[in-house]
Each structure stands twice: as C-alpha cells, then as structure tokens.
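A.B. asks: Quick one: structure below, then a few questions.
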Amino acid sequence: MGTQLVLALDQIGRERSNLVGGKCANLGELLRIGAPIPEGFAITGAAYERFLEESRIGDQIKEALIGIEEAHELDNLERASAVVHGLFSQAILSEDLRNAILGGYLALGRKCGAESVAVAVRSSGLAEDGNDSSFAGQFDSFLNVKGEQQLLEKTLQCWASQFTVRAMMYRKKRGLDLGGGPMGIAVIKMVEARTAGVGFSADPVTGDRSRIVLEGSWGLGEAIVQGLVSPDRYVFDKDRLVLIEKTVSDKDMMICYAEQGIQQEPVPDARRRIACLTTAEATRLAELARLIEDRYGRPQDFEWVIDSHLPFPENVFVVQTRPVTVSGVRSEREKAEYLADLMIHMFRQYRGTR
Amino acid sequence: MKNLQFYIDFDPELDFQATPIWLLDISHCVPPWTPLFAWYWGNLFAFGGGGAKADASLPFDRVTLMRLRNGGVYYGFSLVEDAAEIAKREQGFKNFILPYLEDYDANWHGVLETELMGHYSRLKQFDVDTCSVTDLWEHVEDCFRVTRRMSYLHVLGMYITWLPYMLLEYMCKQFANIDDTHPTFLKLVTGFDNKIFQVDKKLLELAKDARARGVDACLMECESAPAAFATLEQTDVGRQWLDSLWTFLREDGWRMPRRAEFIEPTWIEDQTPAIEMIKMYLKQTDGCDLDANRERQRSEREHAEREVLASIPAVQRDHFVKLLRIAQRAGSYAEGHSYYCEDYCFSLTRRAFMAIGRRYAADHAINEPSDIFFLLPEEILKVLYAPQMYDLRPIVNGRRQERQRWCEEGNPPFLLKEGTSQADVGEHLRLLGDPIFYKALMGSMPTPNPDLKADLYGVIGSCGVAEGYARVVHSEKDLREVQPGDILVAANTAPSWTPVFHLIRGAIIDRGGSLAHAAVVGREFGIPVVLNVLDGTRKIRSGQKVRVDANLGAVFFLEE
C-alpha cells in the first residue's frame, strides 16, 4: 500500500483499489475513459491506518473486541460497537491528516470556484477477499456535507461505520477480521440534481445487448434506487442511438437536499407527468452508456445525474458504474439490505398517508 | 358466585387510558375460551409472542397487549410517536429482519419444524398415567415452557414471512397498480403446498382406501367413530382399514376441533371428527385434485410473474424477485404453522391436564376430568398432593355456568373508548403496519360500490364467481351439514376445516384478509372467497340461494 493520504481522482484507477477502495478506483477509471464525473478526491486507506496509529485507537479497538467470541454475542457486539464509536467520536486528527484532507477539500473548492463546496462523503471499502461488492452497503455515506469541520466529522464517522453491530456481525459470520481493515473514502462534489437515474448498456431483464435502457426521475437518484417512484423509461437502439421507446410515469415523490442531508418531497403537480429528460440529454446518456461499455468490455449498469444549473451538455454526469448481468450483480446481502430499507420506507408510508 | 377474575382481565379505566382501541381476536377465541385456556393464552402466548414482537422492533408498533374479557382476548397496541424512538426502532428492525431476507431458508426454514417437533417428541414420550404427581406437574411446566417457545417462533415466523408479503403488495401497488385483491396478485401467491394439505391428503387416501376395500358404506352409515369401529372390527378388510387409520392418527391425530382451545378431545381420543372428514371426502364425486390444480396454478403464476415483472423498473427487479420468492411462502406459512404450532402444542398440553383431571375426578375433587379446564394453574397446584380433601365442584359448576353465559352473550368485536368509532379501527391498524393484524386477522375494509346493488360487500380473497345454497357454519360440528355445491358462510375458518373446501363452491367470510385461512385455501382450491363482509353469518340463512362474486367483492342474495 502506498503512503499518500489523499489522492486526486485523476491519479487513481483500478490498480489503486487496494489503496483507495473500490468506489474511488471506479470513479478514477470513469475519468480515464472520458466519462464526465463530478470533481472530487479520495482519502486513502493509508490515511485510515495512519489515524489508527497516531490516535492509538487501533490498540483500543483490539482491546474492545477481545472476548467477543464468547456467549451473548449480540450484547457483546453492541457493547463493543458503542465503545468503538465513542473512541472515534472523541478522536482528534493529527496535523498531517487534517492538512492532507483539508488540502484536498481546498483544491476541490478552487476547481469549483466556491468555498465550502457541498460534498458527498462515501465509504469506499477495501475488500479483503478482492470482491468489492461484498462490502457494498455495509458502511455509511453522508450527503450534502459542507465546510471543513463537517468534512472532518463525517470522515471519522465513515471510518467508524465499520464498527456498527451490523457490519461486525457481517464480518464475524464470514470469518473476516472483526477489527475491520483500511477503508478509503470518496469525497465528491454534490451535483444539484434536477434529474437522476440509472442506465443499462444492455436490457437487464432480457439480456438484449442491442438495447440501452435508462430510468430516471426528478431530484436525486435515491428516489429510484430506493423504489420511491415509478421512473420514466427510455429505450435506445444501441447501434443507431435512436430512441425506440419512451414511457413517462407519474412521479409523485422526489428526494432533495435538506439543510443537512436529504429529504423526501412531493413533486409539484405540474411536473409529475412530464418527461424528466430532454431527448438530447437522454441521447447523450445513451452515448455514454455505449462509451463505458466499450471501455470496460462488457455491459454496464451505471448511475447518472443531470445538474440543475449547468447548460447542456455539461450538465450530464456519470457517478458510478458496474457490470450488469441478467441475473443481477448484487449480492444477496445487498438485496436484503435494500429490501429491509424498503420495508422501513413502507412503514413510514403507511404511517404518513392518512 | 363471584365472577372469575384474572389479573390480566380487561380493566376499562386503566386499559383505555393505555390505548383507546381493543380488538377481539376473532380467529382464536370465538366462542369464548375455558378459563384455563384463557389463562394459558393470556400468559404464555402473550409472553412468547410478545418477546418475538419486541425483538422484531417494528418501527411504529411497540407491543401487542393482551387483556381477557369473558373468555375472549382483546389486543391493544402501542403506537410509537417519538421520532428518536422510531429511528432507533428502525435500526433494530433492520438488524432483526436482515438475516431472514438475506437467506430465508438457512436462517428459518426447518428451524420451526425441527426445533418444535423435537420438543413435542420429548413431551410425547412422557407417560402421563404412570408417573408420580410431582413428575406430572413438572411435565405440565415443560408443556408451558414449550408453549412459550412455540409462541415466540410462531410470531417470529409470521413477521419474517408476512412482512415480505406486505412489501410485495406495496411494490405491486407502486409499480403495477395492483393490490392483494387483484387477480394477478393472487395468482402470484397461489399454487403452494403446505403441511396441513399434506395431512389432509392422507385423509383423502384413507377415504379412497375405504372405498377400495368396500368399507365406505359402513362409514357413511355410522353416526360416530365407536359405532363404525364396532362394525369394522368384525371383518378382515375392516380391521386392515382400521390399522391404517390408527397409523395416521398416531402421527397426525394431535389436533382438536378448535385450533385454539383444549376442552375438546384430540382425534386420538375421539376419532369421530376424523371419520367425519373422511366421510366428507366420500361424499364428493368430482373432488378437487390439488396436485393437478397446482400444475395449472404454476403456469398461471409464471404468467402473472412475467406480467408484473414487466412493470417493475429494471433497477428494482433483482430485489423484487428475491422478495417475491420469500413472500410466496406466506400462504404456506399461514396454513402450515398451525400443524407445528397450535395443533401439536395445545394437544400435548391438553393431554397433561387431562391426566391431572382424571386423578382429581377419581378423588372426587371434580366430577369429570375435563372439569380441570375450569380451574386455573394456581388452583390446581393448591390441591395437587391431596385433591380428595377439597371439593372443587362448586367452583367448576359456577364457572361452567358463567362460560355458558359468555357463550350466549358473545364478546363484542371491539372495545372502544368513548369518542372512538369503529371506522378508526382500520386506520389504527394501517398506522401500526403489523401484518398479522393487517393482512390475516382483520384485513382491509371493503369499499361498497352502490351501483352493484349487492347485499353484502367484502374484499376479494380468491377470485371467481359461484352460485349455490348457503350453509352457515358456526363451529366444526356444523361442517357435517355441508353438501356438495354449497356456499360456505362462516365468521372465519380454521385449518382443520380444509377438507370441506373439497365440497363447497365458494365461501363468504365475516372477517379476514388475503392471508386468512379461507383466502389461502380458497385460492389453492380455485374457488371464490369474499372476506370481511362483517355480518354474513347473521344476514344469511342456511339454504338461502346466494351468488358470491369474488371478482367484484360482492355477495348477492338470489332469494329472500
């Protein structure tokens, strides 16, 4: 592992995934192949290790985890989790670490021409078994983080999220080290999403590789990923990049930024039944789908965002990609996580709509 | 005679202060329970089931309180309002449900059957007749422990199976615009076997065997099991058939006419209900072949899956399919769990108490062994070592009379605090989001369509239309009156009623949702079922010609 604490996204690619984690490496790859991604930087696994060493938290974590194999496993895990979270919440970053992280943030602000630029702080797990997806959804991510103080706080919280009861139980069950491992963090400029969604460079259901499928909705992509709305759907012929099918749905809900974090809002009536993409935007996304697939050499499942302020075509961003397979690439764990979240959402809906 | 008082009796002052809405558990305690069973449910089931609910940590629903009133149990709920508590409960809920969503089979399938059947096999081996009094009471305590564990697993199983079912309906509403009364949705969840069906199939085999051996006429003519057995004992074929019957009963006879009560004998003690079920199979000429049905249902189901899947966004499909596979077990669990949970556990507990009852009756503390069900454990324990010194008959007689009065009066379906209306009940349940109440016990409320000019409105449990003569059935004893082609009318039905579905053309049920017994079984048999008509058993009389339209959710009286 290298020793750099912070790396710009254009300095990383797949070959650095053991330093910055899967998510960061993936963004670097996208940048390399010429896909438009939002500005950002990576906090490396080396930074995490340095933090553990300097703050002596590493030893304290080991201590807290001793004897956890004993009976009353859940109680023990809960206690250990509380202890470790306490350690992180009181920890202070060394001068070097602070400078490195805030230096990255400052450079980002300069590039974007703004101070205190709003960022997403996302954990980027370094998988021990070489399979990034096995950690997907395990650790926390924070949206709409603003200012130096918040960024440092959320960095610590991201690291600490390796020690939720859930994450530890997951590792324990798979015989992985309970103490976790180095973790990367992606700090990405938030795009003020007018519209967001997912794209598939092959039909994910039929496997038809002559098709590109886009699904989108108003606001942040979480609305679709969390299943809050029926998205609009665009189907393109991949060779000719011609729109062959367009379904506009009634999109009643959207997710937007709140003062802190995000919130659910109803879509104004006038926009509910209107297409969330222009034909030009949709076509640009289809082009990108083809580009990404070409560079990766296999069909891709990617997330995209349309910025509300920038003009076309600068407003189109790709934020994530992974291979698509007909049977799905998500692990059983990821699907379960998703369904559990959806159940919680269902409870809220039953509760909320009178 | 002083009224029986339980410390968990409904107390209007205190309990209405706790929550304004209390619901009668119509599928378990109508007609009213005996005092001992009420104690048993109100303590042991409340403890075990309450534990499972606490562990499930439903975000908006803290607990199901159980309070007794005249041999009925009322459930009260505790709606969580505080945002911080909700957030904490949501995390707790996620931790609870995740392993079952990730791998339902590994984390659940087999646990219920394997663990509980292990307990039952230990209890079964205990000889209740030759043991000492001390050991007999230890055995009763063992039954109590098993009951608590059974209750825990019973309720846990409902949450991990029925919450996915509720989410499936939620997603279907969201993306395909169909709910759990829509034919396509119902096809998604139809065509699955369960333990109760397997047991009933053995009864069907016994009926076929009786016909093959030529002993069917003897069974049809006899009024009771002993009369039939006396005749059958006289011939070789008769004795051979009886051997098969006993093989069946020793394994699967641990069931009683009522699912939740132990005053009536098990099939091992009184074989008449089993014979009646076999007679029901003998009555039918063109019986429903569930195995053959299943093939058709499978192809309809696959068609429905494709149809629904087409309207699910691509990004959701992976999850949706995983969810669908779990939710499709909801019906099998709704039926099958009765075998592993109620039937075996309550039958074995009955056996233990009857053994005490026989000893007390021999010592003249009570008149007959089943008097024991009118005493509470503390009262039984008080005289355990010297029943001959006490005459408990006045207590028993008083309580028998009191229960008679309870039965005549019946328990109201809701106990509502002043200022609360029946219309608030459905809303209250929806807010709680508990599938046990929302999808099985209560179901959604019907929306009457005045244009139809129907006589009753309900919700659809199984699609189709049928006409026939109504047969109002109040308890299992009335089942023998059901004729082929009848329309069954009941407050609710129980798993032990399943064979009657071979005879009937349709069913009209007072109370229940798409996971209620009648709905699940109706779908598997492919006959129309309308539920939640609320007072069908009062408005319809036996012999009246009716049409049940389970495509519209309506019942029409074809004659006055």
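A.B. asks: State all residues of region A:193-220 that are outside any strand (DSSP E or B), open to solvent by 10 Å² or more (accessible area, probe 1.4 Å) and either in the same structural domain as A:Phe41 (by TED's automatic domain parsing) or aliphatic (A, V, I, L, M) (or both); if no residue qualifies, say none.
C.D. replies: A:Val205, A:Leu220
Here is a yes/no grid of residues against (1) in contact (Cβ under 8 Å) with a residue 12 or more places away in the chain; (2) within 25 Å of B:Phe10 (Cβ to Cβ); (3) touching a strand residue (DSSP E or B) at 6+ places or on another chain (Cβ under 9 Å):
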position	(1), (2), (3)
B:Arg403	yes, yes, no
B:Lys417	yes, yes, yes
B:Leu431	yes, yes, yes
B:Asp434	yes, yes, yes
B:Ala440	yes, yes, no
B:Gly458	yes, no, yes
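A.B. asks: Give just the number: which of (1) modelled with pLDDT under 90; (2) surrounded by fewer than 24 Cβ atoms within 10 Å (Cβ to Cβ); (3) within 14 Å of another protein chain (Cβ to nearest Cβ) does A:Val235 not satisfy?
C.D. replies: (1)
A.B. asks: For region B:183-223, enumerate the residues that are buried (at least 19 other Cβ atoms within 10 Å of the Cβ) and not in a helix (DSSP H, G or I).
C.D. replies: Of everything in region B:183-223, those that are buried (at least 19 other Cβ atoms within 10 Å of the Cβ) and not in a helix (DSSP H, G or I) turn out to be B:Val189, B:Thr190, B:Gly191, B:Phe192, B:Asn194, B:Val215.
A.B. asks: Of the conditions (1) small (Gly, Ala, Ser); (2) under 22 Å from B:Ala260 (Cβ atoms); (3) not assigned by TED's automatic domain parsing to the domain that holds B:Glu90, B:Gly410 fails just one. Which one is it?
C.D. replies: Of the numbered conditions (1) small (Gly, Ala, Ser); (2) under 22 Å from B:Ala260 (Cβ atoms); (3) not assigned by TED's automatic domain parsing to the domain that holds B:Glu90, the odd one out for B:Gly410 is (3).
A.B. asks: Sticking with this one: Search region B:89-106 for residues that are at the interface with another protein chain (Cβ under 7 Å from one of its Cβ atoms) and pair each with any residue that is of a type in the set (Gly, Ala, Ser) and surrounded by fewer than 18 Cβ atoms within 10 Å (Cβ to Cβ) when their beta-carbon atoms are under 9 Å apart and the residues are at least 6 apart or on different chains.
C.D. replies: Going by the 9 Å Cβ cut-off, the qualifying pairs are B:Glu102/A:Ser331.
A.B. asks: Further, regarding this structure: So for region A:292-301 (the condition being away from chain B (no Cβ under 14 Å), touching a strand residue (DSSP E or B) at 6+ places or on another chain (Cβ under 8 Å) and closer than 11 Å to A:Leu214 by Cβ), does at least one residue qualify?
C.D. replies: Looking through region A:292-301, none of the residues is away from chain B (no Cβ under 14 Å), touching a strand residue (DSSP E or B) at 6+ places or on another chain (Cβ under 8 Å) and closer than 11 Å to A:Leu214 by Cβ.
A.B. asks: Taking region B:76-87, which residues are surrounded by fewer than 21 Cβ atoms within 10 Å (Cβ to Cβ), in contact with a Ser or Thr (Cβ under 9 Å, 6 or more places away or on another chain) and more than 12 Å from every other protein chain (Cβ to nearest Cβ)?
C.D. replies: B:Gly76, B:Ser78 - these are the residues of region B:76-87 that are surrounded by fewer than 21 Cβ atoms within 10 Å (Cβ to Cβ), in contact with a Ser or Thr (Cβ under 9 Å, 6 or more places away or on another chain) and more than 12 Å from every other protein chain (Cβ to nearest Cβ).
A.B. asks: Right, next: Tell me, which residue of region A:183-211 that is in contact with a helix residue (DSSP H, G or I) (Cβ under 8 Å, 6 or more places away or on another chain), more than 11 Å from chain B (Cβ to nearest Cβ) and among the aliphatic types (A, V, I, L, M) is farthest from A:Asn315 (Cα to Cα)?
C.D. replies: A:Met183
A.B. asks: In addition: How many residues are basic (Lys, Arg) and within 14 Å of chain A (Cβ to nearest Cβ) when one looks only at region B:297-348?
C.D. replies: Summing the residues that are basic (Lys, Arg) and within 14 Å of chain A (Cβ to nearest Cβ) in region B:297-348 gives 4.
A.B. asks: Return yes or no: is A:Ser331 at pLDDT below 85, open to solvent by 50 Å² or more (accessible area, probe 1.4 Å) and within 14 Å of chain B (Cβ to nearest Cβ)?
C.D. replies: So A:Ser331 does not fit the description; no.
A.B. asks: Sort out for me the strands (runs of 3 or more DSSP E) sitting completely within region A:221-316 that have 3 or more residues that are out of contact with any Lys or Arg (no Cβ under 9 Å at 6 or more places or on another chain) and not assigned by TED's automatic domain parsing to the domain that holds A:Pro36.
C.D. replies: By residue number, A:253-257, A:262-266.
A.B. asks: Looking at region B:446-499 only, could you name the residues that are acidic (Asp, Glu), open to solvent by less than 50 Å² (accessible area, probe 1.4 Å) and part of a loop (DSSP other than H, G, I, E, B)?
C.D. replies: Correct list: B:Asp486 only.
A.B. asks: In the list A:Ile274, A:Ile306, A:Ile292, which residue meets the criterion of being more than 23 Å from the chain's Cα centre (by Cα) and either of a type in the set (Val, Ile, Thr) or open to solvent by less than 10 Å² (accessible area, probe 1.4 Å) (or both)?
C.D. replies: Being more than 23 Å from the chain's Cα centre (by Cα) and either of a type in the set (Val, Ile, Thr) or open to solvent by less than 10 Å² (accessible area, probe 1.4 Å) (or both) holds for just one of A:Ile274, A:Ile306, A:Ile292, which is A:Ile274.
A.B. asks: Within region A:1-17, how many residues are outside any helix (DSSP H, G or I), open to solvent by less than 10 Å² (accessible area, probe 1.4 Å) and either of a type in the set (A, V, I, L, M, F, W, C) or on the phi > 0 side of the Ramachandran plot (or both)?
C.D. replies: Number satisfying all stated conditions: 2.
A.B. asks: Where the second residue is open to solvent by 70 Å² or more (accessible area, probe 1.4 Å) and part of a helix (DSSP H, G or I) and the first is of a type in the set (A, V, I, L, M, F, W, C) and lies in region B:218-237, which pairs have Cβ atoms under 9 Å and are six or more apart or on separate chains?
C.D. replies: B:Ala227/B:Glu221; B:Ala228/B:Glu221; B:Leu232/B:Arg239; B:Val237/B:Arg213
A.B. asks: I would also like to ask the following. Inspect all residues belonging to region B:221-228 and state whether any of them is within 23 Å of B:Gly336 (Cβ to Cβ) and touching a helix residue (DSSP H, G or I) at 6+ places or on another chain (Cβ under 6 Å).
C.D. replies: Checking region B:221-228: not a single residue is within 23 Å of B:Gly336 (Cβ to Cβ) and touching a helix residue (DSSP H, G or I) at 6+ places or on another chain (Cβ under 6 Å).
A.B. asks: Mind checking which residues of region B:1-50 are of a type in the set (Val, Ile, Thr) and either assigned to a loop (DSSP other than H, G, I, E, B) or surrounded by fewer than 18 Cβ atoms within 10 Å (Cβ to Cβ) (or both)?
C.D. replies: The answer is B:Ile8, B:Thr19, B:Ile26, B:Val30, B:Thr34.
A.B. asks: Would a scan of region B:272-283 turn up a residue that is among the charged types (D, E, K, R) and either within 14 Å of chain A (Cβ to nearest Cβ) or farther than 22 Å from B:Gln198 by Cα (or both)?
C.D. replies: There is no residue in region B:272-283 that is among the charged types (D, E, K, R) and either within 14 Å of chain A (Cβ to nearest Cβ) or farther than 22 Å from B:Gln198 by Cα (or both).
A.B. asks: Mind listing just one residue for me: the one in region B:161-176 that is touching a Phe, Trp or Tyr at 6+ places or on another chain (Cβ under 7 Å) and away from chain A (no Cβ under 11 Å) and, of those, farthest from A:Lys251 (Cα to Cα)?
C.D. replies: Restricting to residues being touching a Phe, Trp or Tyr at 6+ places or on another chain (Cβ under 7 Å) and away from chain A (no Cβ under 11 Å), the top hit is B:Thr161.
A.B. asks: When you scan region B:360-402, how many residues do you find that are in a helix (DSSP H, G or I), surrounded by fewer than 20 Cβ atoms within 10 Å (Cβ to Cβ) and either over 30 Å from the mean Cα position of the chain (by Cα) or hydroxyl-bearing (Ser, Thr, Tyr) (or both)?
C.D. replies: 8
A.B. asks: Which of (1) on the phi > 0 side of the Ramachandran plot; (2) touching a Leu at 6+ places or on another chain (Cβ under 7 Å) does B:Gly485 not meet, given it meets every other one?
C.D. replies: (2)
A.B. asks: Scan region B:298-310 and give yes if some residue there is touching a strand residue (DSSP E or B) at 6+ places or on another chain (Cβ under 7 Å), of a type outside the set (Asp, Glu), free of Cβ contacts under 8 Å to residues at least 60 places away in the same chain and under 30 Å from B:Asp180 (Cα atoms), otherwise no.
C.D. replies: no
A.B. asks: Let me ask something else. Which one is farthest from B:Cys341 (Cα to Cα), of the residues in region B:132-176 that are in contact (Cβ under 8 Å) with a residue 60 or more places away in the chain and polar (S, T, N, Q)?
C.D. replies: B:Thr161
The values are calculated or read from the model by the stated rules, or taken from the named source; none is laboratory data. Remember, it's a predicted structure, so these values are computed and weren't measured experimentally. Cβ sites come from the backbone with ideal geometry, for glycine too, and all protein chains shown count toward neighbours. Quick note on the areas: whole protein, heavy atoms, side chains included, nothing else; ligands and nucleic acids left out. Shrake-Rupley method; radii C 1.70, N 1.55, O 1.52, S 1.80 Å.
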